[in-house]
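J.: Right, I'll just put the structure down here and ask away after.
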Amino acid sequence: MPVFVTEKDDYAKMTFATKSADYQFEIWQDGDYAYVEYQETQTWRGSIKVVEPHETVYNKFMRSEAVTDFLDKHGLDGVRKADKEYKYSR
């Protein structure tokens with residue numbers, strides 16, 4: 001499952017592609033951890049959804065090589081799913 005990355009400093013937009021859809025996430029550094037927030041899903045049929053993906057999508061994304069590279073690059077201890085109230089402040 002490929003991940004496409006647009007990165008700037010301590011922040012990145014990542015698109016996680018599966019057979020049926022592309023899931024877009026934001027990931028950022030805060031302290032010793034990276035935080036992940038879901039943005040949207042683009043289906044292969046062209047529709048856009050903004051419904052939280054299944055936990056298996058989160059788990060596979062958070063264990064992906066791109067996320068691991070982000071953690072290594074910034075010397076982070078791990079990755080967490082961001083709470084709904086917690087947003088990246090640009």
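Values in this text are rule-based calculations from the coordinates and carry no lab data. Keep in mind that this is a model prediction, so the values were computed, not measured. Reconstructed Cβ throughout: ideal geometry from the backbone, glycine too, with neighbour counts over all protein chains shown.
J.: Just the number, please: percent antiparallel of the DSSP beta bridges in the chain, rounded to the nearest 5.
T.: So the antiparallel bridges in the chain amount to around 85 percent.
J.: Per residue of segment 16-28, what does 6.51 cos²θ - 1.76 cosθ + 1.60 with θ = phi - 60° give for ³J(HN,Hα)? Whole Hz please, x for Gly and Pro, Karplus curve as stated.
T.: Coupling constants for segment 16-28: 9, 9, 10, 5, 10, 6, 10, 9, 9, 10, 10, 9, 8 Hz.
J.: Scan around Glu40 for amide H atoms under 5 Å from its own, H built in the peptide plane at 1.01 Å from N, and keep only partners 5 or more places away or cross-chain.
T.: Gln24
J.: Please tell me the relative contact order of the chain in percent, rounded to the nearest whole number, where contacts are Cα pairs under 8 Å and at least six residues apart.
T.: Relative contact order comes out at 23 percent.
J.: So, one more: Treating each Cα of segment 22-64 as an identical point scatterer and ignoring solvent, apply the Debye formula and state log10 I(q)/I(0) at q = 0.20 Å⁻¹.
T.: -0.66
J.: Oh, and also: Please give the helix 65-74 orientation as an angle from the longest Cα principal axis of the chain, in degrees from 0 to 90, rounded to the nearest 10.
T.: Value to nearest ten degrees: 20.
J.: Tell me the GluC sites (Glu not before Pro) within segment 6-90 that lie in a loop according to DSSP and have at most 14 other beta-carbon atoms within 10 Å. The partial results should precede the final answer.
T.: Numbers: sites: Glu7, Glu26, Glu37, Glu40, Glu55, Glu65, Glu85; in loops: Glu85.
Answer by residue number: Glu85.
J.: According to a simple spin-label model (label point 7 Å from Cα along Cα-to-Cβ), what is the distance in nm between Lys73 and Glu7?
T.: With each label point 7 Å from Cα toward Cβ, the separation is 0.2 nm.
J.: Report the dimensions of segment 3-81 along its three principal axes from the alpha-carbon atoms, largest first, rounded to Å.
T.: Rounded to whole Å, the extents work out to 38, 23, 19 Å.
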